[in-house]
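The values are calculated or read from the model by the stated rules, or taken from the named source; none is laboratory data. All values derive from a computational prediction rather than experimental measurement. Every residue, glycine as well, gets a Cβ built from its backbone with ideal geometry; the counts of neighbours run over all protein chains shown.
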Amino acid sequence: MNLQNNTAKAAIYARRSPEDRANRQNQFRGDGVSDSIETQILMLQQYADSQGFTNCREYYDDNISGTTFARPQFMQMLSDIQQGRVDTVIVKDLSRLGRDYIESGRYQEIVFPELGTRLIAVNDGYDSATGAGTDCAVFKNVFNDYYVKDISNKTRSALAARARAGKYLSSGVYGYAKDPHDKNKLIPDPETAPIVRRIFSMTVSGISFRAIARTLSSEGILTPAAVKGVSPRKETTRPTDWSATTINGIIRNPAYLGKLVYGKSRKVSYKSKKQIASPEDQLIVTEGTHEPIVNQDVWNLANEIANRHRKSSRTGKTHIFSGLLFCQDCGSSIAQADKAFICQRYRAFGKSENGCSSHRIPYKLLYASVLASVQEVTAEARRDRDGLIAKLSGIGQKQQQAALAAARKTQAKTEKRLAEIGELIRKAFEKNVLGDLPDDVYKSLTDGYTRERAELTAHLETVTEQIADLMKETDNATRFVELAEQYADITELDRDLIHRLIDRIEIGESYKEDGIRCQEITIYFRFVGRI
């Protein structure tokens, strides 16, 4: 360490944090460095001149947090120190060196002393060569660290508050543009919103994410990253190169339902850049913040189909029943084998203890059976809409309305009695306090009231669930019939129709009866189940 200033090999180091990013860009230096960096460097140069340090090397890291020491210019300065080019480091204050109190202390007390490097923090009056300010340095380091944590907490709280208010906080969602009159609100983009709708429609039709990506790429449609102007990671990547991952991200995004979900991921610490998924109960979901691009039914169906396990045939095409077929006995999926389908467990284990029987069903037989069932239900939906709704509800509409009215009457009666019990307990307590009601009588009364209240509360929950089920039953039946009406007079099946109408198809094992081959096929329709 050289205390002779005229021979010292000094370096001045400046750093600007991300929270200072709003500072106006420097107009003089011409290299995009902010005024904050410029001010630090000018101040340090003046100090160096006044102390006799000449020909100082200059290092600065712009827009980099002090919680990390992996900064390009800082690491370059450290390399120069190790190679003997620098033996004195001058900073504005200790926070410019870093805000991680453990690492800052390590550099001050171990790294720099072992390298024979003098550290000067001008505003803190710190000089490792003379010992000035070293006694208070540890407290300053802790405070500098706490400052970052405090800023992080305040920023996170402010963003969460804005998210709860329905303010959009990110850079953009493909399919939407920011409202020119309110940058925190999204509006459908006339250029890209139709592409989002098309992606959902293709997914519902059973087209794989990979196939959708290939189609969009072949048509020369710009990817979401390209629309944002983000440069690709690889030079060979074209702005029209869609991927299955991108399609998956669009299908899973609830923003297309007109809602915002904030906090899907979080940092493990304010000092770390590593992101982890947030628990469901910590997400901030704000409904109705902007116009939806797809409705709830389409979003649900697309996500449901995307979650289904798909198998392609040897030709590379996905059959129209993929993801819907299951063995009636073991519950395994039914896989395609040539021109028929067989149980996956049978295919893997045969008829062993862990296996199953084949449940083999020819494609033509399955197709004809499903087509006949769909034709029957869609024809009935058109012929007798109200009758089918009543039938699918499980009971006649009059019976259902009577049951619903009775349940609501019971609900009101129970709620009234609960209110009465609450008042009785209050009065008993007041009388007991005033000495008008002996303790043993008071205890007997309140114990009885408490038991009755618990029983009534449980009964109220049951009645409330019953009312919800009765209302949902009719609602689901109506939804299915409205859906079935859209497919009247169908003559053939396609994947889109099947997946819109059907949830699941179970295949039983074939058997012979009077010399005739029989096989049970159970179809569970969307919203209503087995008809």
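Worth a mention:
- Residue match in the range 362-372 (condition: out of contact with any helix residue (DSSP H, G or I) (no Cβ under 6 Å at 6 or more places or on another chain), at pLDDT 85 or above and not in a helix (DSSP H, G or I)): yes
- Subset of the range 500-531 (residues that are of a type outside the set (Asp, Glu), on the phi > 0 side of the Ramachandran plot and assigned to a loop (DSSP other than H, G, I, E, B)): Gly515, Phe527
- Some residue of the range 105-122 being in contact with a Lys or Arg (Cβ under 9 Å, 6 or more places away or on another chain), closer than 20 Å to Arg16 by Cα and surrounded by fewer than 20 Cβ atoms within 10 Å (Cβ to Cβ): no
- Criterion (acidic (Asp, Glu) and under 16 Å from Val111 (Cβ atoms)) met by exactly one of Asp49, Asp93, Asp87, Asp62: Asp87
- Taken as a whole, the condition of being within 30 Å of Val481 (Cα to Cα) and touching a residue at least 40 places away in the same chain (Cβ under 8 Å) applies to Ala379.
- Taken together, the residues in the range 102-125 that are in a loop (DSSP other than H, G, I, E, B) and either touching a residue at least 40 places away in the same chain (Cβ under 8 Å) or polar (S, T, N, Q) (or both) amount to 4.
- The residues of the range 76-101 that are over 11 Å from Leu119 (Cα atoms), part of a helix (DSSP H, G or I) and touching an Asp or Glu at 6+ places or on another chain (Cβ under 8 Å), listed by number, are Ile81, Tyr101.
- Among the residues of the range 334-356, those that are of a type in the set (Gly, Ala, Ser) and either outside the structural domain of Phe321 (by TED's automatic domain parsing) or in a strand (DSSP E or B) (or both) comprise Ala335, Ala337, Ala340.
- Qualifying residue in the range 143-160 (condition: surrounded by fewer than 16 Cβ atoms within 10 Å (Cβ to Cβ) and either at pLDDT 90 or above or more than 33 Å from the chain's Cα centre (by Cα) (or both)): yes
- When the range 417-442 is filtered for residues that are farther than 30 Å from Ala406 by Cα, in contact with a helix residue (DSSP H, G or I) (Cβ under 9 Å, 6 or more places away or on another chain) and not aromatic (Phe, Trp, Tyr), the ones remaining, listed by number, are Ala428, Lys431, Asn432, Asp436, Leu437, Pro438, Asp439, Val441.
- Any chance Gln411 is modelled with pLDDT under 85, crowded, with 18+ Cβ neighbours inside 10 Å and either among the polar types (S, T, N, Q) or touching a Cys at 6+ places or on another chain (Cβ under 7 Å) (or both): no
- Ile221 surrounded by fewer than 18 Cβ atoms within 10 Å (Cβ to Cβ) and not in a helix (DSSP H, G or I): yes
- Hits in the range 484-531 (condition: of a type in the set (A, V, I, L, M, F, W, C), within 35 Å of the chain's Cα centre (by Cα) and over 22 Å from Phe326 (Cβ atoms)): Ala484
- Residue match in the range 430-437 (condition: touching a strand residue (DSSP E or B) at 6+ places or on another chain (Cβ under 8 Å), surrounded by 12 or more Cβ atoms within 10 Å (Cβ to Cβ) and assigned to a helix (DSSP H, G or I)): no
- Condition broken by Ile395, with the remaining ones in (1) assigned to a helix (DSSP H, G or I); (2) modelled with pLDDT under 85 satisfied: (1)
Per-residue answers, yes or no, for (1) within 27 Å of Thr286 (Cα to Cα); (2) part of a helix (DSSP H, G or I); (3) of a type in the set (Phe, Trp, Tyr):
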| residue | (1), (2), (3) |
| --- | --- |
| Val173 | yes, no, no |
| Lys178 | yes, no, no |
| Glu191 | yes, no, no |
| Ile199 | yes, yes, no |
| Ala213 | no, yes, no |
| Ser217 | no, yes, no |
| Ala226 | no, yes, no |
| Pro239 | no, no, no |
| Ile247 | yes, yes, no |
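- Any chance Leu497 is in contact with a Leu (Cβ under 6 Å, 6 or more places away or on another chain), assigned to a helix (DSSP H, G or I) and touching a residue at least 40 places away in the same chain (Cβ under 8 Å): no
- Within the set Ser79, Ser65, Ser95, the sole residue that is under 48 Å from the mean Cα position of the chain (by Cα), at pLDDT 90 or above and of a type outside the set (Asp, Glu) turns out to be Ser79.
- Near pairs, Cβ below 7 angstrom, 6+ apart or cross-chain, from the range 408-435 (among the acidic types (Asp, Glu)) to any residue that is surrounded by 11 or more Cβ atoms within 10 Å (Cβ to Cβ) and assigned to a helix (DSSP H, G or I): Glu415/Leu460
- Residue match in the range 263-286 (condition: in a loop (DSSP other than H, G, I, E, B), charged (D, E, K, R) and at pLDDT 65 or above): no
- Here is the figure for the range 126-135: residues that are free of Cβ contacts under 8 Å to residues at least 40 places away in the same chain, part of a loop (DSSP other than H, G, I, E, B) and surrounded by 13 or more Cβ atoms within 10 Å (Cβ to Cβ) total 2.
- Filter result (modelled with pLDDT of 65 or more and out of contact with any helix residue (DSSP H, G or I) (no Cβ under 9 Å at 6 or more places or on another chain)) within the range 292-310: Asn300, Asn307
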